[in-house]
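Participant: Quick one: the structure is below, and I'll ask about it shortly.
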Amino acid sequence: MITRRKLIWSGATGLLAATLPRAALAAPDDPVGIATAIYTRAAKGKGDGGGGFVFENKAAKAKYLSKSLIALWAKADARTRKGDGGPVGFDPVTNSQDPDVKSFKVVAEKQEADKAVIAVTIDSHQGPPSKPADRIIRYEFVREAGGWKIDEIKGAVDGEAWSLRAIITDFLKY
């Protein structure tokens, strides 16, 4: 016999699932779901935690990044002098030195069987940046070993485009 509590609980759960935005219902192993999970975590609290957790150690990199991006980053890390900051001196996830994520919107711009491009538009507590392009971060995902991995991150600062791979590659030139 169904109790009143179970009936109310199952109805409330069903109603909540029906009203959640599509992005919130994205599969966690789908590129949109992965990006949504990253930004949900980055926006927690005051939204100032940033996305460093994506790159903080080998395990995190293995969870989120493609093998080729990990190898490139490892090569740059190996050439980093002790005490220096490394190849990436900012948070690519929030496109900032000081993370500030108030809200975000995740959109699949292109998705194929083995690659995808996901655009994330970030709103900060400080208001919009002077250049609209600075709000958008694009992720290029590749399918590896049955899962989706970030192969590239691109954004803009003061309207000037940057690429994570290009930043790391340029670091290796010096």
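The values are calculated or read from the model by the stated rules, or taken from the named source; none is laboratory data. These numbers were taken from a predicted model, which means no experiment stands behind them. All Cβ positions, even for glycine, are placed from backbone atoms using ideal geometry, and neighbour counts span all protein chains on display.
Participant: Taking the residues in segment 158-169 that are in contact with a strand residue (DSSP E or B) (Cβ under 9 Å, 6 or more places away or on another chain) and in a strand (DSSP E or B) as candidates, determine which candidate is surrounded by the fewest Cβ atoms within 10 Å (Cβ to Cβ).
Facilitator: Going through the qualifying residues, I end up with 161.
Participant: Suppose we filter 75, 131, 105, 110 for residues that are within 17 Å of residue 47 (Cα to Cα) and of a type in the set (Lys, Arg); which single one remains? If you could, list the steps in order and put the result at the bottom.
Facilitator: Working: 75 fails: within 17 Å of residue 47 (Cα to Cα); 131 fails: within 17 Å of residue 47 (Cα to Cα); 110 fails: within 17 Å of residue 47 (Cα to Cα).
Just one listed residue meets the conditions, 105.
Participant: Assuming residue 87 fulfils every condition listed in (1) out of contact with any strand residue (DSSP E or B) (no Cβ under 8 Å at 6 or more places or on another chain); (2) modelled with pLDDT of 95 or more; (3) not charged (D, E, K, R) apart from one, which condition is it?
Facilitator: Here residue 87 meets the rest and fails (2).
A quick yes/no check of all residues on (1) of a type in the set (Ser, Thr, Tyr); (2) surrounded by 12 or more Cβ atoms within 10 Å (Cβ to Cβ); (3) in contact (Cβ under 8 Å) with a residue 12 or more places away in the chain:
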{"site": "87", "(1), (2), (3)": "no, yes, yes"}
{"site": "92", "(1), (2), (3)": "no, yes, yes"}
{"site": "111", "(1), (2), (3)": "no, yes, yes"}
{"site": "122", "(1), (2), (3)": "no, yes, yes"}
{"site": "126", "(1), (2), (3)": "no, no, yes"}
{"site": "139", "(1), (2), (3)": "yes, yes, yes"}
{"site": "171", "(1), (2), (3)": "no, yes, yes"}
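Participant: Output yes when any residue across segment 64-82 is part of a strand (DSSP E or B), at pLDDT 95 or above and crowded, with 17+ Cβ neighbours inside 10 Å, and no when none is.
Facilitator: Taking segment 64-82 first, the residues part of a strand (DSSP E or B) are 65.
When the remaining residues are screened for being at pLDDT 95 or above, the result is 65.
Those still in the list that are crowded, with 17+ Cβ neighbours inside 10 Å too: 65.
Checked segment 64-82: at least one residue is part of a strand (DSSP E or B), at pLDDT 95 or above and crowded, with 17+ Cβ neighbours inside 10 Å.
Participant: Go over the candidates 154, 110 one by one and state the one that is under 26 Å from residue 29 (Cβ atoms), assigned to a strand (DSSP E or B) and touching a Leu at 6+ places or on another chain (Cβ under 8 Å).
Facilitator: On the way: 110 fails: touching a Leu at 6+ places or on another chain (Cβ under 8 Å).
Selected residue: 154, the only one of 154, 110 that is under 26 Å from residue 29 (Cβ atoms), assigned to a strand (DSSP E or B) and touching a Leu at 6+ places or on another chain (Cβ under 8 Å).
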